[in-house]
Structure formats: C-alpha cells, structure tokens
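Below is one structure; the comments refer to it alone.
Read-outs: derived from the displayed coordinates by stated rules, not from any lab. None of the values given here were measured: they were computed from a predicted structure. Using ideal geometry, Cβ is built from the backbone for each residue, glycine included, and neighbour counts are taken over all protein chains shown.
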Amino acid sequence: MKIISFNANGIRSAANKGFFDWLRSQQADITCIQETKAQEHQLVDPMFRPDGHHCFYKDASTKKGYSGVAILSRREPDEVRTELGWAPFDDEGRYIEARYGNLSVVSFYIPSGSSGDLRQGFKFEVMDWLKPILDEWLTSGRDYVLCGDWNIVRSALDIKNWKSNQKNSGCLPQERDWLNGQCEPAETAWTDAYRHLNPAGQDYTWWSNRGAARANDVGWRLDYQLVTPGLRDRLRSCSIEREQRFSDHAPFSVDYSE
C-alpha cells in the first residue's frame, strides 16, 4: 500500500505544474492533499478526478479559496468523514477521513501561526482541542494513518536553521513539545513514519519561496504520516520528492506492507 501526502498550496496551481501527470505515474493507493485553496465547484475539470480514483474534497466554508483538504483513493472507502465537531476548525476545511474496514486515513492541515499572534493563538487552541481526539484514536483499536502538513518541526534534524527559528511559529518549544508528546513513549504512541525509517535523516518537505531557499536546501520538515503502533511494523520505505516543484512543499510518499 502506497500513501502520498502533499500540500498543494493551491490544487489548481499544482495541476498546472504537472502534479496530476506525476501522480498517475506513482500508482499510489491513497493520496492526501492539503491546502487545495478551491471550492469543489471550481474543480470541474476531469483532471481533478483522475481515472480509477474516488475523489473527496472538503472545502473551507468561512473563507473561499482558503485551506481545504482532499483524499483521492483507488479503493472506494466504506465511509468518509469531514467534521470533528468544532466549527472554527471544521469550517476552515482542515480534516477529511476515509475509512476502509479497520483502517482510517486522514488528511490534516494544522493551522500556521506565522501571520501573527491571532492565528498563533488559534493554532494553540487547535493543539489543545485536538490532543484528546488523537489520544482517543490512538486507543480506539483502529489503525490510523494521519497525513498532512502539521506546520511544526520536531527537532533540529527537521529544520536547516534551528537556532535562528526558536522564536518563530512552527519551531516554538510549546509546539514541538506538543507534537513530540504525540510520539512518546515510542512503543505505544504515534509513530512518525519518516523518522522511524530514517532515525538520523535530515530531509525537508517545505522551503520558503523567498530567496534561494529550495536551491540551498534551507527547509523545514512539516509534512508527516503519523501511524498507530499496529502499523509500525508495516512501514517499508518512504520518499520526499523534493525535485517535484508543484508547490512550496514536496510530496511525501510512504510504502506499507500489506
């Protein structure tokens, strides 16, 4: 089973840069997309519903052309969910979940706080509200794969300029403690697929569009696939497709054994 997570920074823009042509060559079973920045009625072109896929979109309802998530799946899910029960989060189009038997695959887009104190405050609210939900999923007996842009790095291995970003959103100690807390203790918590497969890896999934950040690999690892303990032994390989410039993020692929 192959799952891809990708922040498109505008799905129409990514499509114009060849994302769907590339996706056809990947033969992924499930593709989770974040930041579609479109309403579903704007995605009438067949490219947004590739042949052989069941396609599900959750748009932002409070701000058009903002946020938005999607799941493209070769297998038809038993159920698709798009709300977690808190309107300020749900209405921004930040969650969609596809269920297949005992497996849930989620496309998440955790808020960024980089625009200022107001949004950073909302991000902290989301973190506090989301923790018991993640805890419940972890102990539910279901297998979960949480894909998405979490807008947080975990450690110095996940960001090029560690020291200079300690006071910047995405690298704040409170944010890192929260995300690392989801992954500890390792035996019973969420498993970071990339870090499990690459314990000392220093790869990034996002680069600023300013300057020559991508050319110089001045990046951040913000995109994750977190899995429940029962899936840990099924992790086989992963790849960050940094050469594919469909957005300021790179697609992140994980292969799971059946």
| task | Rounded, prolate or oblate: pick one for region 116-222, where a ≥ b ≥ c are the square roots of the eigenvalues of its C-alpha gyration tensor, a/c under 1.5 means rounded, and failing that, prolate if a/b is larger than b/c, else oblate. | result | oblate
| Where does the charge balance sit around residue 20 when Lys and Arg score +1, Asp and Glu -1, over other residues with C-beta under 12 Å from its C-beta? | +1
| Each residue of region 228-233 in order: what ³J(HN,Hα) in whole Hz does its phi give by Karplus 6.51 cos²θ - 1.76 cosθ + 1.60, θ = phi - 60°, with x for Gly and Pro? | 5, x, x, 9, 4, 6
| From the backbone phi of region 3-9, what are the Karplus-calculated ³J(HN,Hα) couplings (6.51 cos²θ - 1.76 cosθ + 1.60, θ = phi - 60°) in whole Hz, Gly and Pro given as x? | 10, 10, 10, 8, 8, 7, 6
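Quick check on packing: order 108-118, 187-197, 1-11 by the mean number of other C-beta atoms within 10 Å, highest mean leading. Mind dumping the intermediate values first?
On the way: 108-118: 16.5, 187-197: 19.0, 1-11: 23.4.
The most tightly packed comes first, giving 1-11, 187-197, 108-118.
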| request: Can you pull the one-decimal nm distance between simple spin-label points at residue 42 and residue 188, each 7 Å off the Cα toward Cβ? | output: 4.6 nm
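Within the set of other residues whose C-beta is less than 14 Å from the C-beta of residue 114, count the net charge using Lys and Arg as +1 and Asp and Glu as -1. Before the final figure, lay out the partial values.
On the way: positive: 119, 123, 167, 210; negative: 35, 117, 149, 175, 248.
Net of charged neighbours comes to -1.
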| Considering amide H positions built from the backbone, and no H for Pro or chain starts, which residues 5 or more places from residue 144, or on another chain, come under 5 Å of its amide H? | 104, 228
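Take every Cα pair under 8 Å in region 2-256 that's 6+ residues apart, average their separations, divide by the length, and report that relative contact order as a whole percent. Before the final figure, lay out each step's value.
Working: 546 pairs, mean separation 50.2, N = 255.
Result for region 2-256 is 20 percent.
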